[in-house]
Amino acid sequence: MKSNSSQSYNSEENNSKKDSAFSTLDSRFNQTLRNVQGLLKGRSIPGKVLLSRRSDPLDQSNIQGHSPNYERSFSYNDAETSDHMSKDLEEEVQNLNKPSNNANSNGLNSSTSNIENTSKEAQKSTMGARATDSARIIKFTKVLSGTTVVLEKLRELAWSGIPPYMRPDVWRLLLGYAPPNSDRRGGVLKRKRLEYLDCVSQYYDIPDTERSDDEINMLRQIAVDCPRTVPDVSFFQQAQVQKSLERILYTWAIRHPASGYVQGINDLVTPFLVVFLSEYLEGSVDSWSFSDLSPDKISNIEADCYWCLSKLLDGMQDHYTFAQPGIQRLVFKLKEVVRRIDEPVSTHMEEQGLEFLQFAFRWFNCLLIREIPFHLITRLWDTYLAEGDALPDFLAYIFASFLLTWSDKLQKLDFQELVMFLQHLPTNNWTHQELEMVLSRAFMWHSMFNSSPSHLAN
């Protein structure tokens with residue numbers, strides 16, 4: 001009896017300790033959410049809360065049965081100092097980084113574990129230099145130097161930014177254009193580039209007399225849209241660049257008759273063009289000239305753009321088919337995510353009669369290329385491509401985070417002002433700091449809500 005009584009007492013004591021630990025962690029988790037809400041309400045903090053997948057193995061003795069975990073770290077823009085950081089958020093990060101005294105924390109739900117688990121390694125990185133910090137370059141080099149690239153590891157690294165000189169190779173791998181096996185890679189790329197040349201010869205380099213009326217109209221529309229592509233970047237106003245865009249877009253449209261050419265796809269080629277050109281041209285994009293490249297190099301660049309565009313759009317085909325149902329579905333999801341995260345903004349927009357389709361359709365159609373400075377696009381697309389097949393669903397959270405950057409401002413505008421503001425968002429002076437904040441919030445909200453659809457239900 002004494003033994004049974006002792007065991008019962010010890011069990012109750014352990015349960016009490018567990019409950020206490022859960023309560024403490026839940027409290028810290030709720031405080032994290034309050035801090036993020038503070039960010040959304042206009043608090044200016046030069047750092048960010050970065051959430052990314054863990055790269056280090058978990059201690060299985062302490063954590064059991066968890067869903068995939070994520071690390072949480074704080075980093076700063078390299079143009080700022082920690083003296084400007086919000087003290088509340090700094091203390092919160094320090095508190096969350098303290099290990100729990102109770103080792104038996106396996107009862108926490110996955111949302112809490114996603115926010116709580118941290119990595120000391122990631123805490124050392126800075127926001128502006130994250131993609132080029134030496135430790136990350138070593139990790140990228142190690143992953144890419146293997147005989148067979150482990151794509152999951154590459155995605156984990158790429159999500160937070162890719163060193164610019166590695167970006168062409170990494171993008172080809174992430175999209176499945178280049179095979180993970182290094183022995184096959186050169187041969188596959190050579191074959192695919194020749195295949196693109198054959199397609200151009202068969203479909204583009206022919207007289208209009210051999211085209212149907214629909215094909216002639218489509219080619220004319222592409223020729224009209226190419227000069228309008230990224231008008232703020234002088235490089236894209238070069239006649240040779242526009243001709244390359246025209247070849248890529250027309251060839252893609254002919255090979256994908258279910259959608260054909262849709263306005264907005266022209267924007268989607270531009271990040272690929274800039275990234276693959278960077279293998280041959282140095283300096284800023286505005287200083288580049290197509291005339292510095294040989295025909296063979298231009299052909300290879302076009303081919304890589306064509307195949308990568310194809311791979312990207314394979315994962316979102318219904319975004320560009322008739323009536324674009326995929327985009328309409330994601331606009332509705334965006335509306336629900338915003339309602340769940342920031343109900344005052346959602347209510348105000350509804351009261352003003354503003355439909356999300358009126359501004360967000362272009363966001364999904366062009367993947368924000370027209371909304372933020374072009375020099376930030378390739379960093380944004382590192383995250384897009386790292387998401388892989390999960391990208392369409394994740395877009396709703398990125399765009400919700402993007403919209404709610406101006407939460408306070410939006411609630412003060414009437415219908416006409418809302419329309420004008422959302423068509424001309426004040427992002428001209430954005431740096432990596434603002435973009436990283438958008439991505440960090442999106443990651444957190446996605447990890448919290450996407451696997452719990454009831455949170456988004458009316």
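The values are calculated or read from the model by the stated rules, or taken from the named source; none is laboratory data. Small disclaimer: the values here were computed from a predicted structure and weren't measured. Neighbour counts run over all protein chains shown; Cβ positions are idealised from the backbone, glycine included. Ligands, DNA and RNA are excluded from the accessible area calculation, which covers all protein heavy atoms including side chains. Shrake-Rupley method; radii C 1.70, N 1.55, O 1.52, S 1.80 Å.
Summary table below
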read-out: Region 271-408: Rg to Rh, with Rh as the Kirkwood radius over Cα pairs; value: 1.05
read-out: Expected-Rg normalisation [2.2 N^0.38 Å, Cα atoms] applied to region 160-230; value: 1.56
read-out: Area projected by the alpha carbon convex hull of region 338-458, averaged over all directions, nm²; value: 7.4
read-out: Global form of region 232-334, assessed from the alpha-carbon gyration tensor, a/c cut-off 1.5; value: prolate
read-out: Furthest towards positive pole of dipole, L403, L385, H432, structure part region 383-458, Cβ charges; value: L403
read-out: Per-selection Kirkwood Rh - region 171-302 (Cα, Å, 1 d.p.); value: 15.9
read-out: Solvent-accessible area per residue for region 154-193 (1.4 angstrom probe, square angstrom); value: 39
read-out: Between region 147-208 and region 364-416, the alpha-carbon center distance in angstrom; value: 25
read-out: Rounded, prolate or oblate (a/c below 1.5 giving rounded, otherwise prolate when a/b exceeds b/c) for region 266-323 by Cα gyration tensor; value: prolate
read-out: Accessible surface of region 294-398 [probe 1.4 Å, protein heavy atoms]: carbon and sulfur percent; value: 49
read-out: Cβ crowding within 10 Å averaged over residues, with 163-175, 338-350, 183-195 ranked highest first; value: 163-175, 338-350, 183-195
read-out: Which listed pairs, of K192/K243; K142/K335; K142/K192; K142/K311; K190/K243, have C-alpha distances above 31 Å, in listed order; value: K142/K335
read-out: Given charges at Cβ of Lys, Arg, Asp, Glu: region 225-308 dipole, positive-most of V241, H256, S278; value: H256
read-out: Cβ-derived FRET efficiency at R0 25 Å, D314 paired with S212, nearest 0.05; value: 0.50
